[in-house]
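Worksheet for the structure shown next.
The values are calculated or read from the model by the stated rules, or taken from the named source; none is laboratory data. Remember, it's a predicted structure, so these values are computed and weren't measured experimentally. In this analysis, Cβ positions are derived from the backbone assuming ideal geometry, glycine residues included, and neighbour counts consider all displayed protein chains.
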Amino acid sequence: MELAGKQTMVVGLGESGLAVVRFLAGRGARVVVNDRRDREALGAAATEAEALGASVVLGGHPDGAFEDLDLIVVSPGVPPLAQFDRAEARGVPVLGEVELAARFIDAPIVAITGTNGKSTVTTLIGEMSRRLGRPVFVGGNLGRPMIEAVGTDAGCKGGLVIVELSSFQLERVSQMKAHIALLLNITPDHLDRYPSFDAYAAAKACIFERQDADDFAILPADAPDLRELIDDGEGTVVLFDGRSGEVRVIDGVLTDLQSSLEVPVGELKIRGSHNLSNACAAALAARLLGVREDDIGFVLRDFKGLAHRTQYVRSVDGVEYIDDSKATNVGAAVASIDGLA
């Protein structure tokens, strides 16, 4: 994709939007930034965009700003707009930041989605993969925007890009292909954006599209209904956890039936059965990437969990206090409570 001299628009000047502005300006594109917020709300982001040479249209989405464009890049927090539909009808590509990044990345992509557990699994796979000795980028919905992998050693052949992807980020993927795609779970969420649970699930399922037989689709063994979501993908289906997963807990030991990996649950620092499921998913993905069993086991034993996710705070008068403030939907809260019961 040639960007030099192209008239581009970035809609939404959050963290990923600003990263896209840097990327487009660095490749010689002319950039317009559009955001419904005003300059006071955007603060330094608007100032930096202008310093990069972008023109800024704030306070709404005027139709005139969407004329004479060669490319529109939409940030994940921006809902569908009629202006996008009209632009696409004129032949203007409307991409998400993830899709734009994928078109410039030559490294294999490991993509993780699900309603809950994404950040934990992404972090675990990242830590395990770093023990391969190859350049690794970890980001997406967790930390750094995926576009920042472009041009790095991790984003080139020989590297590895590991990204957490939300349903919002997956809505506008059209060419991205994940070598390993993980769907951890789906429970109702974001129904203020989606007209139904099925529409939300369909957005998640986009992670499997364009996979072929050399790629892997990782799913929980105890959720057969999720397998119906991968009709458009041809990746090899591999299961974790449950009663038939290749990596699951057997008699209190996290076990990979396809390798020598065995980690007693009592040696893990993370809490809750939901986190055991996360650990199984990460271990399976890491094995498929070629990480040695000893390295997978070391990371599992060493990992203390992420902040605000079933995190032990302290005990007072015999009562344990757990910080699980990242459980922002019913499914996450139930999984945490059940896991600690």
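Under the condition of being part of a loop (DSSP other than H, G, I, E, B), polar (S, T, N, Q) and more than 28 Å from residue 190 (Cα to Cα), the residues counted in the range 113-162 number 1.
Residues of the range 270-281 that are of a type in the set (A, V, I, L, M, F, W, C) and either closer than 13 Å to residue 248 by Cβ or not assigned by TED's automatic domain parsing to the domain that holds residue 119 (or both): 276, 279, 280, 281.
Any idea which of 108, 93 is more than 30 Å from residue 292 (Cβ to Cβ) and not hydroxyl-bearing (Ser, Thr, Tyr)?
Values: 108 fails: more than 30 Å from residue 292 (Cβ to Cβ).
The match here is 93.
Residues of the range 238-279 that are acidic (Asp, Glu) and surrounded by fewer than 21 Cβ atoms within 10 Å (Cβ to Cβ): 246, 251, 262, 267. Residues that are modelled with pLDDT under 95 and either of a type in the set (Ser, Thr, Tyr) or under 25 Å from residue 210 (Cα atoms) (or both): find the strands (runs of 3 or more DSSP E) completely inside the range 1-111 holding 2 or more of those. Qualifying strands (runs of 3 or more DSSP E): none found.
In the range 185-231, the residue that is surrounded by the fewest Cβ atoms within 10 Å (Cβ to Cβ) out of those that are acidic (Asp, Glu) and closer than 19 Å to residue 166 by Cβ is 192.
Looking at residue 170, is it hydrophobic (A, V, I, L, M, F, W, C), crowded, with 16+ Cβ neighbours inside 10 Å and under 30 Å from residue 298 (Cβ atoms)? For residue 170, the condition - hydrophobic (A, V, I, L, M, F, W, C), crowded, with 16+ Cβ neighbours inside 10 Å and under 30 Å from residue 298 (Cβ atoms) - is not met. Among the residues making up the range 213-234, those that are modelled with pLDDT of 95 or more and closer than 17 Å to residue 112 by Cα are 215, 216, 217, 218, 219, 220, 221.
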